[in-house]
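Before any comments, here is the structure.
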């Protein structure tokens, strides 16, 4: 029986400096093939990159066309005509307190003043009718003499407890710099719904 010798593993010696070896091989191929071959290889690489880009763009185009077709097949929602001014104001008007609730609203204002340590000696208020809305504006003028912190506390309390009350203007005067009290003139506006006339 003949003994079979195991095949020897072929070992290729690796160059000590692979970068230098690759540079030498590239120069040798360039000398052997010349510049036209290098230019042809560059053109081939550019053609492959262009082909890949064209395939990608074609796939994206097909996806966009499919999305457009799906969107156009769904029925369009009919656009609502724009609301006129009266329809836009209506929800706001219904949230306003009625004209009949004016005494309760003024009581809330007096309560906010008492809670802030302010006594309201007098208050002037006059109605101003809105022409194009079902709303009455009551301009309330309050002359107040108190500490500045109390006046500030009163304004914050009144605005928080009465959502339809707005601060229109406020002026302060102090007789002396060292004085702790200020004379304030506060102008507020209270919005209510007009009384229904029959």
Quick count over the stretch 163-184, residues being surrounded by fewer than 15 Cβ atoms within 10 Å (Cβ to Cβ), closer than 18 Å to residue 117 by Cα and touching a strand residue (DSSP E or B) at 6+ places or on another chain (Cβ under 9 Å), is 2
Residue 137: part of a strand (DSSP E or B) and either modelled with pLDDT of 85 or more or over 15 Å from residue 167 (Cβ atoms) (or both), yes or no?
-> yes
Exactly one of 160, 187, 152, 129 is loosely packed, with under 12 Cβ neighbours inside 10 Å and under 35 Å from the mean Cα position of the chain (by Cα), and that one is 160
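Would you mind stating whether residue 166 is assigned to a strand (DSSP E or B) and out of contact with any helix residue (DSSP H, G or I) (no Cβ under 9 Å at 6 or more places or on another chain)?
No.
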Selected residue (only one of 128, 160 is outside any helix (DSSP H, G or I), in the same structural domain as residue 183 (by TED's automatic domain parsing) and under 21 Å from residue 98 (Cα atoms)) = 128
Selection from the stretch 109-126 of residues buried (at least 18 other Cβ atoms within 10 Å of the Cβ) and under 40 Å from the mean Cα position of the chain (by Cα) yields 109, 112, 113, 116
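Within the stretch 169-186, is there a residue that is under 22 Å from residue 99 (Cα atoms), in the same structural domain as residue 98 (by TED's automatic domain parsing) and either in a strand (DSSP E or B) or in contact (Cβ under 8 Å) with a residue 24 or more places away in the chain (or both)?
Scanning the stretch 169-186 turns up no residue that is under 22 Å from residue 99 (Cα atoms), in the same structural domain as residue 98 (by TED's automatic domain parsing) and either in a strand (DSSP E or B) or in contact (Cβ under 8 Å) with a residue 24 or more places away in the chain (or both).
The values are calculated or read from the model by the stated rules, or taken from the named source; none is laboratory data. Values in this document were obtained by computation on a predicted structure and should not be read as measured data. For neighbour counting, all protein chains shown are included, and Cβ atoms are generated from backbone atoms with ideal geometry for every residue, glycine included.
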